[in-house]
Amino acid sequence: MSEQNDLIKRRLEELEEIKKLGINPYPHRFDVENNSADIVKNFKDPETDEDKEKLKDVSVTVAGRIMAIRKMGKATFCHIKDDTGRIQIYIRKDDVGEEAYSVFKLLDIGDIIGVKGYAFRTKTGEVSVHAVTYQLLTKSIQPLPVVKEEITESGEKIIYDAFADVELRYRQRYIDLIVNENVKDTFVKRTKIIQSIKKNSRKNNFFEVETPTLQSIYGGANAKPFITHHNALDIDLYLRISNELYLKRLIVGGFNRVYEFVRDFRNEGIDRTHNPEFTQVEWYQAYGDYFDSMNLFEEVVEQACIDIHGTTKVMYGETELDFKRPWKRIRMTDAIQMKTGLDVLNIKKDEIINYMNANGIKFDPKISHSKGLIIAALFEETCENELIQPTFVYDFPIDTTPLCKQHRDYDISKLDEMKNDPEQVILAERFEPYANKWELGNSYTELNDPILQRKLLEEQVERGRGGEEETHPLDDDFINAIEVGMPPTTGVGMGVDRIVMLLTNSQTIRDVIFFPLMKPV
């Protein structure tokens, strides 16, 4: 720490010297006309001495952060980094003048400069910029970690003294982005993935909308909300856990295909694939069902993978994932039977519980009142780890959600009788997509029967009173919207962060969120 303080003290002293020379170390602007990548790409080696002289007449202006510096007597080489890469700068005392060169000697790694000059190739073959003038744009006070690179004879790049402390990288993402090239590449790909999804949505005639983040009644998912307070109205509000109920209101209002990228907030745990604040895209399609949503989901992810990698195949760790359509599709109950041998729809609930107890399969005793929820818990514990390649698991017990329509194969006149039999399980038209053992989203053929919808949400309220922590509240205005009339509809929620993780080979969700939530130090 004392060494760090000494470096900061020296930089502050340099800053004062620069000011005494009448130079503003933080000017207001600089005209940047070129970037490092284009300078290197467009450079053409001169064929004659005359062509070499003509290079001096082709001016380039570039700006960036000093990442390496080699000061000599009357000349200095440095590398600056802009948003497209790095380029070497050659600054000579005879060109920029004695005073300017003396100022340059006061500069450090991390300082930002603007350079005007001409491109040339050094004797070692590196395209560089010969500075005619330069300007200090920002004097850095905090020293950067000095990352050293070595290229072996085999062409392998070895990194020394990397900024590798994981906690520090997440807390100081700005430094992480400066010194770790792969980090910026991940976030560039993240943006391209989002752009790909939006492009695909527009191609399929979906209309982008915005819905509230602050909500007086949260809904659309089973999750714990964050609570806040609005002083002027003197009311408690919730940070959105989902935008589902608002998007359905828009379907009622006549927007037949809508989508929205949102930040959702859930007051729950943090682990490798969960962050309390995360990005989701939801889309809703009138007159469609969950098979339409399956088709669009796999289309969107396949295209995003192609847009990023040029192929449907991607490595995640040591596993090759192939997002080529069509993905595997399997009913939840069939997946369970293949794994356990249990025909869960045709055996007693107690038999399932006995199997789980005998095999050390844990489940929340609060859900033991429902055979459907027991089946869902059995699936999670026995089958999810088998779902490596992209797979749709569909036809969930209807107990798992109050917002989904029962399967179309049921005789509607017999549903009430089935509901009164605790050993009967009614399946819903719901699917979840999986890859790499992860759930990537959720989708339904949406329930649009307002009488049944109210009844199911009232049951959720009662379950909450009975001790379940994650249940849906009753939203009377949403019921009112359904009573106005919602056409047959299908909807999807896609976990954008997890998709980005898979397509960028990122091992934790914090690697794909610029500023993940961190415990204060």
key: Cα gyration tensor category, rounded, prolate or oblate, for segment 189-259 with a/c compared to 1.5   = prolate
task = Post the alpha-carbon centroid distance, segment 493-521 to segment 267-341, in whole angstrom.
result = 16
inquiry  = So if I take the centroid of the Cα atoms in segment 410-433 and the same for segment 369-390, what is the distance between those two points in Å?
reply    = 18
Cα-based shape type of segment 312-362, given that a ≥ b ≥ c are square roots of the gyration tensor eigenvalues and the cut on a/c is 1.5 = oblate
ask   = Do any GluC sites (Glu not before Pro) in segment 283-346 lie in a DSSP loop with no more than 16 other beta carbon atoms within 10 Å, and if so, which?
value = GLU318
request  = Can you tell me the FRET efficiency between PHE77 and ARG331 if r is taken as the Cβ-Cβ distance and R0 is 60 Å, rounded to the nearest 0.05?
outcome  = 0.40
request  = Could you tell me what fraction of 2.2 N^0.38 Å the Cα radius of gyration of the chain comes to, as a two-decimal ratio?
outcome  = 1.26
Alpha carbon centroid spacing (whole Å) that separates segment 162-180 from segment 45-68 = 34
request  = Could you state the angle between the C-alpha long axis of helix 349-358 and the longest principal axis of the C-alpha atoms of the chain, as a value from 0 to 90 degrees rounded to the nearest 10?
outcome  = 50
task = Give, as ranges by residue number, the residues of segment 34-74 whose backbone N falls under 19 Å from the point 7 Å along Cα→Cβ of VAL188.
result = 34-43, 62-68
request  = Working from Cα positions, state the angle (0 to 90°, nearest 10) between the long axis of helix 2-20 and the longest principal axis of the chain.
outcome  = 60
query = What spacing in nm lies between the two simple spin-label points modelled at ASP409 and LEU452, each 7 Å away from Cα in the Cβ direction?
reply = 1.6
ask   = When we measure straight from the Cα of LYS52, which aspartates and glutamates land under 18 angstrom away, once same-chain ones fewer than 8 places off are left out?
value = ASP95, GLU126
ask   = Roughly how many Å² is the accessible area per residue of the chain, as a whole number, for a 1.4 Å probe?
value = 51
ask   = Considering only protein heavy atoms and a 1.4 Å probe, what is the carbon-and-sulfur percentage of the accessible area of the chain?
value = 49
ask   = When the chain is fully extended, how far beyond the present Cα-Cα distance does MET518 get from GLU423, taking 0.36 nm per residue of separation?
value = 29.7 nm
remark   = Under the Karplus relation with 6.51, -1.76 and 1.60 and θ = phi - 60°, whole-Hz ³J(HN,Hα) for segment 240-252, x at Gly and Pro, equal 3, 9, 6, 9, 4, 5, 6, 5, 5, 4, 5, 4, 4
query = Each label point is 7 Å from the Cα along the Cα-to-Cβ direction; what then is the distance between the points at ASP94 and ASP236, in nm?
reply = 7.7
request  = Measure nothing fancy, just the Cα-based angle from helix 476-485's long axis to the longest principal axis of the chain, in degrees from 0 to 90, nearest 10.
outcome  = 70
query = Relative to the present Cα-Cα distance, how much length would full extension add between PHE207 and SER102 at 0.36 nm per residue of separation?
reply = 32.0 nm
Sites matching trypsin sites (Lys or Arg not before Pro) across segment 66-150 that sit in DSSP coil, with at most 15 neighbouring C-beta atoms within 10 Å = LYS74, LYS105, LYS123
note = Between the modelled labels at SER216 and ARG272 (7 Å from Cα along Cα→Cβ) the distance in nm is 4.4
remark   = Checked against a 21 Å limit on the C-alpha separation, the offending pairs among LYS71/LYS123; LYS41/LYS198; LYS224/LYS349; LYS199/LYS405; LYS9/LYS139 are LYS41/LYS198; LYS224/LYS349; LYS199/LYS405
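The values are calculated or read from the model by the stated rules, or taken from the named source; none is laboratory data. Nothing here was measured: the structure is a model prediction, and the numbers come from that model. Virtual Cβ from ideal backbone geometry, glycine too; neighbours counted across all protein chains shown. Please note that ligands, DNA and RNA were not included when accessible areas were found on the heavy atoms of the full protein model with its side chains. Shrake-Rupley method; radii C 1.70, N 1.55, O 1.52, S 1.80 Å.
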